[in-house]
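Each remark here refers to the structure printed beneath this line.
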Ligand code: HEC
């Protein structure tokens, strides 16, 4: 083998290696495109609960936390603390039913950072109430 052939062999070996590594890269791509985990995998929720979740994440999770555990970013500085939706019904002022949550959303809780959300409109409040009840049970 002359030196030209040796260089050629090395070049071929390197190109094969690069192709091989590229292949490996491609097979890992699908992992990157899987959606970032949210509060819950969207597919597990009915369309109605998905919409409720969307409104909740936009308006409520800053205080109540993504899962409604009362641990949102703003919670630490609040008094009283945001309700943990998993807490027993006896600790809720208006109750953990859809009707109770609707009352809270329409009127707010006096003397607390929980203000009324009437401005979101009846349809959205209904979706929110369903989602809060869902979070309280899941
Ligand atoms: C600024 C922070 C903040 C935001 C934003 C917020 N809340 Fe609250 N929420 C609270 C606090 C604090 C309480 C506890 C009030 C109390 O115990 O008197 C509370 C209580 C509640 C309760 C329990 C009421 C009961 O019966 O005891 C529900 C339900 C609720 N919030 C739903 C929501 C929903 C839905 C949203 C979004 C539309 C929302 N909150 C947005 C702070 C917040």
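Scanning the range 68-97 for residues that are within 10 Å of the ligand (Cβ to nearest atom) and outside any loop (DSSP other than H, G, I, E, B), we see that the one that is surrounded by the most Cβ atoms within 10 Å (Cβ to Cβ) is 75. Residue pairs whose Cβ atoms lie under 6 Å apart, separated by 6 or more positions or on different chains, with the first residue in the range 63-80 and on the phi < 0 side of the Ramachandran plot and in contact (Cβ under 8 Å) with a residue 24 or more places away in the chain and the second within 8 Å of the ligand (Cβ to nearest atom) and assigned to a loop (DSSP other than H, G, I, E, B), are 63/72; 63/74; 63/82; 78/113; 80/112.
Among the residues of the range 105-123, write down those that are closer than 23 Å to residue 81 by Cβ, part of a loop (DSSP other than H, G, I, E, B) and within 25 Å of the chain's Cα centre (by Cα). Result: 108, 113, 114, 115, 116, 117.
May I ask you to verify whether residue 126 is over 14 Å from the mean Cα position of the chain (by Cα), more than 8 Å from the ligand (Cβ to nearest atom), in a helix (DSSP H, G or I) and modelled with pLDDT of 95 or more?
Values: over 14 Å from the mean Cα position of the chain (by Cα): yes; more than 8 Å from the ligand (Cβ to nearest atom): yes; in a helix (DSSP H, G or I): yes; modelled with pLDDT of 95 or more: yes.
Yes: the conditions hold for residue 126.
The values are calculated or read from the model by the stated rules, or taken from the named source; none is laboratory data. From a predicted model like this one, the values you see are computed outputs, not experimental measurements. Neighbour counts run over all protein chains shown; Cβ positions are idealised from the backbone, glycine included.
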